[in-house]
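The values are calculated or read from the model by the stated rules, or taken from the named source; none is laboratory data. Computed from a predicted structure; not experimentally measured. As a convention, Cβ positions derive from the backbone with ideal geometry for all residues, glycine included, and neighbour counts pool all protein chains shown.
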């Protein structure tokens, strides 16, 4: 993939929804290992061999394997950029609102000339969940999860929950301005979707399809990667946040997915904020968005007080 294509993709799929633009690396956290059950933060835990396969985990005081469920946060960045540090402030807000949940803020291997974003980024999420499940006793957590993604991370979270969560580990999924329908006419008029398709390992998807009568050139990969077309009666409860003046991810994407969720009788909370792709009013972010999110989390991933 040429540098020009990468530049165009960065412009086309500009990220950031709830993500903070400050240098979060200046935030100081303790990494010392303390007694079990004491509040603990561990940064840059490796869940794979690639240097981007790391996450931060925030473990609450009083955690147990029967009560402490897990919130997983997925950053945006047009599938080719971004970092978990952009969501540190959001994680700290979650930690304040949900002190009894464990919180995991993940990185995944970014798309590049040598690494397809799809399906690899979905598979990275799966690796994180499996890694945490295997360390249930070490972390003293109950391996039930909520996925919350921002912008392109929202698409990753939604698609994972609807298509890749074969063991029903994810009890709810949330998206802040994430794309849901790449067939939306808005993209035809405002983006070059052929460039987006360069992020897809088409041979992988073709080789895993059950219908061998179809030719690879006839596969609609844009539809294949659109969460709105994966909704069924078995789909995960979903909470959505969109900006009504978003010029990156159109409001119609949120409306399309919400309509499908309602049609299939899936628990959904669809919320529209003034503004564009993120940058929503700070007071609304603190006092409104987190209240709505808190209610949804308590409904679908409840953790009792210790």
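In region 278-303, the residues that are closer than 11 Å to residue 98 by Cα form Cβ pairs under 6 Å with partners that are part of a helix (DSSP H, G or I) and at pLDDT 90 or above, at six or more places apart or across chains, as follows: 290/97; 294/97. Restricting region 86-101 to residues that are outside any helix (DSSP H, G or I) and in contact with a helix residue (DSSP H, G or I) (Cβ under 8 Å, 6 or more places away or on another chain), which is surrounded by the most Cβ atoms within 10 Å (Cβ to Cβ)? It comes out as 101. Condition first: farther than 29 Å from residue 60 by Cα and either at pLDDT below 90 or loosely packed, with under 15 Cβ neighbours inside 10 Å (or both). Can you find one or more residues in region 284-301 that meet it? The answer is no, given that none of the residues of region 284-301 is farther than 29 Å from residue 60 by Cα and either at pLDDT below 90 or loosely packed, with under 15 Cβ neighbours inside 10 Å (or both). If you go through region 223-278 and pick out every residue that is under 23 Å from residue 205 (Cα atoms) and surrounded by fewer than 19 Cβ atoms within 10 Å (Cβ to Cβ), you end up with 4. Candidates in region 191-208 are the residues that are in contact with a helix residue (DSSP H, G or I) (Cβ under 9 Å, 6 or more places away or on another chain) and without any contact (Cβ under 8 Å) to a residue 24 or more places away in the chain; of these, the one that is nearest to residue 80 (Cα to Cα) is 202. Quick check: anything in region 3-22 in contact with a helix residue (DSSP H, G or I) (Cβ under 7 Å, 6 or more places away or on another chain), modelled with pLDDT of 50 or more and under 21 Å from residue 143 (Cβ atoms)? Within region 3-22 (the criterion being in contact with a helix residue (DSSP H, G or I) (Cβ under 7 Å, 6 or more places away or on another chain), modelled with pLDDT of 50 or more and under 21 Å from residue 143 (Cβ atoms)), the answer is no, since none of the residues qualifies. The set of residues from region 62-85 being crowded, with 21+ Cβ neighbours inside 10 Å, under 13 Å from the mean Cα position of the chain (by Cα) and not in a strand (DSSP E or B) comprises 75, 76, 77, 78, 79, 82, 84. Only one of the numbered conditions (1) crowded, with 19+ Cβ neighbours inside 10 Å; (2) at positive phi is not met by residue 161, and that is (2). Counting the residues of region 193-222 that are in a loop (DSSP other than H, G, I, E, B) and loosely packed, with under 14 Cβ neighbours inside 10 Å gives 9.
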